[in-house]
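Undergrad: A single structure is presented below for examination.
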């Protein structure tokens with residue numbers, strides 16, 4: 001189990017590795033472009049080579065990109081749909097250039113029309129992305145917290161999409177806070193096992209590519225996407241002890257997306273908390 005973190009790519013993708021080392025992260029997630037615009041500047045060859053060299057030197061990985069939040073494969077708007085597809089294609093090809101495992105993205109909202117109304121559009125748009133992407137880069141669907149009309153808080157929805165797309169590159173990311181917000185109680189080993197049983201039934205544990213490891217600012221089942229530092233939220237440290245103890249996660253990379261104690265994102269104290277739990281479980285095992 002690798003314990004990673006979302007870090008800033010300010011100054012270039014190659015700068016993410018040093019930031020990971022500084023906080024003790026063993027893998028990185030980052031945005032390779034601005035999250036506030038569709039504009040995309042390809043990573044130059046020198047930066048890509050430096051990223052790969054530094055990642056190898058410091059044993060940082062597996063690494064992932066997070067797609068911009070504007071991406072919406074269900075959208076009926078032709079312009080938004082085209083921008084979403086192109087943004088994901090840009091990220092997927094850049095991931096190939098940098099040796100990054102894959103691109104994690106949100107399914108976004110059906111805008112009140114219902115999942116069935118947008119299901120086929122999601123599948124078709126995902127296939128358009130994959131048709132223009134490298135063969136060795138994963139397109140990774142993240143579960144949602146269930147806020148508003150967002151898709152993917154139910155594992156059954158993600159599973160249906162993956163089966164319909166029918167491409168081995170399509171995988172799933174489990175966000176602990178989103179799952180908790182959607183009603184999955186992860187505060188006990190039994191609760192974690194129950195969630196994973198459903199995940200396996202609806203998606204398949206073999207398709208679990210990554211975990212976003214976050215505590216929750218809101219209570220169980222509140223349906224709100226609000227992350228908190230590890231052990232400081234409504235999930236509590238017991239939830240992360242229960243999650244890390246489950247053998248289903250032993251070979252899955254974890255990426256912290258917490259606010260950090262200085263409000264600047266994942267930091268060393270949060271990384272160290274997860275490492276301490278991992279060490280305790282290893283000693284007990």
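Undergrad: With 183, 190 as the choices, which residue is farther than 30 Å from residue 133 by Cα and outside any loop (DSSP other than H, G, I, E, B)?
TA: That would be 190, the only listed residue that is farther than 30 Å from residue 133 by Cα and outside any loop (DSSP other than H, G, I, E, B).
Undergrad: Residues that are modelled with pLDDT of 95 or more and surrounded by fewer than 23 Cβ atoms within 10 Å (Cβ to Cβ): does region 172-182 have at least one?
TA: No, because not a single residue in region 172-182 is modelled with pLDDT of 95 or more and surrounded by fewer than 23 Cβ atoms within 10 Å (Cβ to Cβ).
Undergrad: Oh, and also: Run down 53, 95, 9, 49 and say which single residue is under 20 Å from the mean Cα position of the chain (by Cα) and more than 21 Å from residue 131 (Cα to Cα).
TA: Within the list 53, 95, 9, 49, the selection yields 9.
Undergrad: Can I ask one more? Quick one: residue 166 ticks every box in (1) surrounded by fewer than 24 Cβ atoms within 10 Å (Cβ to Cβ); (2) at pLDDT 95 or above; (3) within 25 Å of residue 75 (Cβ to Cβ); (4) in contact with a helix residue (DSSP H, G or I) (Cβ under 7 Å, 6 or more places away or on another chain) bar one, so which box is it?
TA: It fails just one condition, (4).
Undergrad: Next question. Picking from 239, 284, 276, which residue would you name as being over 15 Å from residue 27 (Cα atoms), out of contact with any helix residue (DSSP H, G or I) (no Cβ under 6 Å at 6 or more places or on another chain), modelled with pLDDT of 95 or more and surrounded by fewer than 16 Cβ atoms within 10 Å (Cβ to Cβ)?
TA: Going through 239, 284, 276 in turn, just one is over 15 Å from residue 27 (Cα atoms), out of contact with any helix residue (DSSP H, G or I) (no Cβ under 6 Å at 6 or more places or on another chain), modelled with pLDDT of 95 or more and surrounded by fewer than 16 Cβ atoms within 10 Å (Cβ to Cβ): 276.
Undergrad: All but one of (1) over 20 Å from residue 17 (Cβ atoms); (2) assigned to a loop (DSSP other than H, G, I, E, B); (3) in contact with a strand residue (DSSP E or B) (Cβ under 7 Å, 6 or more places away or on another chain) hold for residue 100; state the number of the condition that does not hold.
TA: Only one criterion in (1) over 20 Å from residue 17 (Cβ atoms); (2) assigned to a loop (DSSP other than H, G, I, E, B); (3) in contact with a strand residue (DSSP E or B) (Cβ under 7 Å, 6 or more places away or on another chain) is unmet by residue 100, namely (1).
Undergrad: Let me ask something else about it. For residue 232, indicate whether it is part of a loop (DSSP other than H, G, I, E, B), free of Cβ contacts under 8 Å to residues at least 24 places away in the same chain, touching a strand residue (DSSP E or B) at 6+ places or on another chain (Cβ under 7 Å) and surrounded by fewer than 22 Cβ atoms within 10 Å (Cβ to Cβ).
TA: yes
Undergrad: Taking residue 223, is it at positive phi, in contact (Cβ under 8 Å) with a residue 40 or more places away in the chain and in contact with a strand residue (DSSP E or B) (Cβ under 7 Å, 6 or more places away or on another chain)?
TA: no
Undergrad: Also, quick follow-up: Conditions: (1) touching a helix residue (DSSP H, G or I) at 6+ places or on another chain (Cβ under 8 Å); (2) under 24 Å from residue 37 (Cβ atoms); (3) assigned to a helix (DSSP H, G or I). Residue 141 meets all but one. Number of the miss?
TA: (3)
Undergrad: Can I ask one more? Going by the structure shown, is residue 6 touching a strand residue (DSSP E or B) at 6+ places or on another chain (Cβ under 7 Å) and modelled with pLDDT of 95 or more?
TA: yes
Undergrad: Here are the criteria: (1) part of a helix (DSSP H, G or I); (2) touching a residue at least 12 places away in the same chain (Cβ under 8 Å); (3) surrounded by fewer than 20 Cβ atoms within 10 Å (Cβ to Cβ). Tell me which single one residue 49 does not satisfy.
TA: Against the list (1) part of a helix (DSSP H, G or I); (2) touching a residue at least 12 places away in the same chain (Cβ under 8 Å); (3) surrounded by fewer than 20 Cβ atoms within 10 Å (Cβ to Cβ), residue 49 comes up short only on (2).
Undergrad: Separate question: I'd like the full set of residues that are out of contact with any strand residue (DSSP E or B) (no Cβ under 8 Å at 6 or more places or on another chain), surrounded by 17 or more Cβ atoms within 10 Å (Cβ to Cβ) and touching a residue at least 40 places away in the same chain (Cβ under 8 Å), limited to region 76-92.
TA: Of everything in region 76-92, those that are out of contact with any strand residue (DSSP E or B) (no Cβ under 8 Å at 6 or more places or on another chain), surrounded by 17 or more Cβ atoms within 10 Å (Cβ to Cβ) and touching a residue at least 40 places away in the same chain (Cβ under 8 Å) turn out to be 81, 83, 84, 85, 87, 89, 90.
Undergrad: Next question. Considering only region 173-218, how many residues are out of contact with any strand residue (DSSP E or B) (no Cβ under 7 Å at 6 or more places or on another chain) and more than 15 Å from residue 155 (Cα to Cα)?
TA: 7
Undergrad: Write out, first by first residue and then by second, each pair whose Cβ atoms fall under 8 Å of each other, whose residues are 6+ apart or on separate chains, and whose first residue, in region 247-267, is at negative phi and surrounded by fewer than 16 Cβ atoms within 10 Å (Cβ to Cβ) while the second is part of a loop (DSSP other than H, G, I, E, B) and modelled with pLDDT of 95 or more.
TA: Within 8 Å, the pairs are 261/229; 261/267.
Undergrad: I'm checking my understanding of the structure. Among residues of region 17-38 that are at pLDDT 95 or above and assigned to a loop (DSSP other than H, G, I, E, B), which one is surrounded by the most Cβ atoms within 10 Å (Cβ to Cβ)?
TA: Of everything passing the filter in region 17-38, 25 is surrounded by the most Cβ atoms within 10 Å (Cβ to Cβ).
The values are calculated or read from the model by the stated rules, or taken from the named source; none is laboratory data. Note that the structure is a prediction, hence the values are computed from the model and not measured. So basically every Cβ, Gly included, is an ideal-geometry build from the backbone, and we count neighbours across all protein chains shown.
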